[in-house]
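Rule-based calculations on the coordinates, nothing more; no lab input. These figures come from a predicted structure and were not determined experimentally. Positions of Cβ are backbone-derived with ideal geometry, glycine not excepted, and every protein chain shown enters the neighbour counts.
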Amino acid sequence: MTKVGSVFTLFYSPLTGRTGISELLFDIKGIIEDKHYDKNIERSVLIASLDSYKLVESNGIDISHGALGENLLLDYNPYSLESGSKLKIGNVVLEISQHCTLCKSLTKVDTKLPKLLKNDRGIFAKVVEAGNIKTGDDIYLLD
């Protein structure tokens, strides 16, 4: 188990709209109380890196954290992880399932975002071990 970073901030999408939060609760169906809960287990958690926001900013686009639709915003870049790789964050174990696909909804934020973030928007994970994740929790790459 290797420490690779920490959780910068957390987001979820209840039916009332997207919101930042200090703690998320997970079970094997996803993020409890999120509108995507139990919809697609393989895509139940979207993880993004602060590097994505730095890339956007370096291209003259101003967006706030959470605008990419992520649930977990990390100070670690997980985009090179292969499917099947596992992260332990708080007492939750997440398994990387797939890279995030291009999302046309990003054009609502800025028309350049989909092309700019083609390989740098995020990565999807599924929950392997339930629990909770808090802002500031350490991230471990499981061997």
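Results, tabulated for the structure shown:
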| quantity | calculated |
| --- | --- |
| 222 nm mean residue ellipticity, helices alone, for the chain (DSSP H n ≥ 4; -39,500 (n - 2.57); rounded to 500) | -2000 deg cm²/dmol |
| Euclidean distance between Cα centres, the stretch 1-77 to the stretch 88-108, Å | 7 |
| Given 13 as the ceiling on other Cβ atoms within 10 Å, longest exposed-site-free region of the chain for GluC sites (Glu not before Pro) in DSSP loops | 83-143 |
| Whole-Hz ³J(HN,Hα) from phi, Karplus 6.51 cos²θ - 1.76 cosθ + 1.60, for the stretch 8-14, glycine and proline x | 7, 7, 10, 9, 8, 10, x |
| Radius 9 Å from Cβ of residue 98, net charge of other residues (Lys, Arg +1; Asp, Glu -1) | 0 |
| Debye, to nearest 20: dipole size of the stretch 1-142, +1 on Lys, Arg Cβ, -1 on Asp, Glu Cβ | 440 |
| For 62, 34, order by how many other beta-carbon atoms lie within 10 Å, fewest first | 62, 34 |
